[in-house]
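The values are calculated or read from the model by the stated rules, or taken from the named source; none is laboratory data. None of these values were measured; they are calculated from a predicted model. Glycine gets a Cβ as well: all are built from the backbone with ideal geometry, and neighbour counts include every protein chain shown.
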Amino acid sequence: MRKADYSEIAASYDRTRQMREENLQLWADVIQRLGQAPPDARALDLGCGTGRFALLMFERLGWDTTGLDASPEMLARARDNDPECAVRWLQGDAQAPACPDRVYDLIIMSHLLHHVDDPRAVLRHSYRMLDTPGTVLIRYGPIEHVRKSAIWRFFPETRELDEERTPSIADVEAWLTECAFEAVVTDEVRQQTWQTAQDLLKTVRGKATSALTMVPEDAFERGLRALEDHVASSPDDPSLLHDIIAVTAGYKV
């Protein structure tokens, strides 16, 4: 499976993937509702990137939070975003994290599983690291929604990449069940990701999804021109502004 190079993506990650205040609060509410964690929860952001969800859980939910990522460049950005050192930042492979058993009440992973060779290994270790009771939350764009995205419409070269690596909701639910999680449930969250089509264009120009960093440059430029033409003719197209993001929860009881 081809993989995105986060040593290169790290430098522009936060700039191209900004999250609006209302969406940060939206996700804090979703995590709290599905997480079913105690007020003093011990939380792990697995594949934390530059720390968005780790910091969200500390700042908005008051949880004792750890972030783990394989990329030293992404972790360096996370530490820059956390000048008070409120979160513990660890480097490690999500498929084989060197964390003790039963040390977390909640584990969240956002857009992680399509980047790893063995998603079940990630979930088996998540089960091991969770205390009882404990919750794993998987936030992702399932393939059934990715197929309807603006990126697929204007950058068809991303389709083969996404079909190869992106799970469906049924896949993720089945993996959790295989790894002994119970009461598996999926919420589909509609998010207004961009306020205007120009905001979308800005993020696409910055190659804001990993698939865009992996297509040939001529294909990227061709898709960008097509998207720019569409935005010029249909600036209020609502399909450009919204995403549907799945959150699948599994519980260790």
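What pairs come up if the first residue lies in the range 115-139 and is touching a residue at least 60 places away in the same chain (Cβ under 8 Å), the second is assigned to a helix (DSSP H, G or I) and among the basic types (Lys, Arg), and their beta carbons are under 9 Å apart, counting only those six or more places apart or on different chains?
His115/Arg165
Quick one: is Ala76 aliphatic (A, V, I, L, M), more than 21 Å from Gln36 (Cα to Cα) and assigned to a loop (DSSP other than H, G, I, E, B)? Steps first, please.
Numbers: aliphatic (A, V, I, L, M): yes; more than 21 Å from Gln36 (Cα to Cα): yes; assigned to a loop (DSSP other than H, G, I, E, B): no.
The answer is no for Ala76.
Looking at this structure, is Glu59 more than 18 Å from the chain's Cα centre (by Cα) and either surrounded by 21 or more Cβ atoms within 10 Å (Cβ to Cβ) or outside any helix (DSSP H, G or I) (or both)? Give the steps one after another, and end with the answer.
On the way: more than 18 Å from the chain's Cα centre (by Cα): yes; either surrounded by 21 or more Cβ atoms within 10 Å (Cβ to Cβ) or outside any helix (DSSP H, G or I) (or both): no.
For Glu59, the condition - more than 18 Å from the chain's Cα centre (by Cα) and either surrounded by 21 or more Cβ atoms within 10 Å (Cβ to Cβ) or outside any helix (DSSP H, G or I) (or both) - is not met.
Where the second residue is surrounded by 13 or more Cβ atoms within 10 Å (Cβ to Cβ) and among the aromatic types (Phe, Trp, Tyr) and the first is more than 19 Å from Leu61 (Cα to Cα) and lies in the range 77-93, which pairs have Cβ atoms under 7 Å and are six or more apart or on separate chains?
Correct list of pairs: Arg77/Tyr13; Arg79/Trp89.
Taking the range 20-47 as the region of interest, how many residues are without any contact (Cβ under 8 Å) to a residue 40 or more places away in the chain and not acidic (Asp, Glu)?
6
Considering each residue of the range 156-207, count those that are of a type outside the set (Gly, Ala, Ser), surrounded by 14 or more Cβ atoms within 10 Å (Cβ to Cβ) and in contact with a Pro (Cβ under 9 Å, 6 or more places away or on another chain), and give that number.
Matching residues across the range 156-207 total 8.
Test Leu176 against the criterion of being in a helix (DSSP H, G or I) and over 30 Å from Thr135 (Cα atoms), and give yes or no.
On the way: in a helix (DSSP H, G or I): yes; over 30 Å from Thr135 (Cα atoms): no.
No, not satisfied.
Filtering the range 16-43 down to residues that are of a type in the set (Gly, Ala, Ser) and not in a helix (DSSP H, G or I), which residue is surrounded by the most Cβ atoms within 10 Å (Cβ to Cβ)?
The qualifying residue surrounded by the most Cβ atoms within 10 Å (Cβ to Cβ) is Ala43.
Could you list all residues from the range 134-150 that are modelled with pLDDT under 95 and assigned to a strand (DSSP E or B)?
Across the range 134-150, there are no qualifying residues.
Restricting to the range 191-213, name every residue that is polar (S, T, N, Q) and closer than 14 Å to Asp237 by Cβ.
Applying the first criterion (polar (S, T, N, Q)) to the range 191-213 yields 191-193, 195-196, 198, 203, 209-210, 213.
Result: Gln192, Thr193, Gln195, Thr196, Gln198.
Given the options Asp105, Asp131, name the one that is surrounded by 21 or more Cβ atoms within 10 Å (Cβ to Cβ), among the acidic types (Asp, Glu), modelled with pLDDT of 95 or more and not in a helix (DSSP H, G or I). Don't jump to the end; show me each part of the working.
On the way: Asp131 fails: surrounded by 21 or more Cβ atoms within 10 Å (Cβ to Cβ).
Step by step, each of Asp105, Asp131 is checked, and only Asp105 is surrounded by 21 or more Cβ atoms within 10 Å (Cβ to Cβ), among the acidic types (Asp, Glu), modelled with pLDDT of 95 or more and not in a helix (DSSP H, G or I).
Can you go through Arg139, Arg190, Arg153 and tell me which one is of a type in the set (Lys, Arg), under 17 Å from the mean Cα position of the chain (by Cα) and within 24 Å of Lys207 (Cβ to Cβ)? Spell out how you get there, then give the answer.
Details: Arg190 fails: within 24 Å of Lys207 (Cβ to Cβ); Arg153 fails: under 17 Å from the mean Cα position of the chain (by Cα).
Answer to the check: Arg139.
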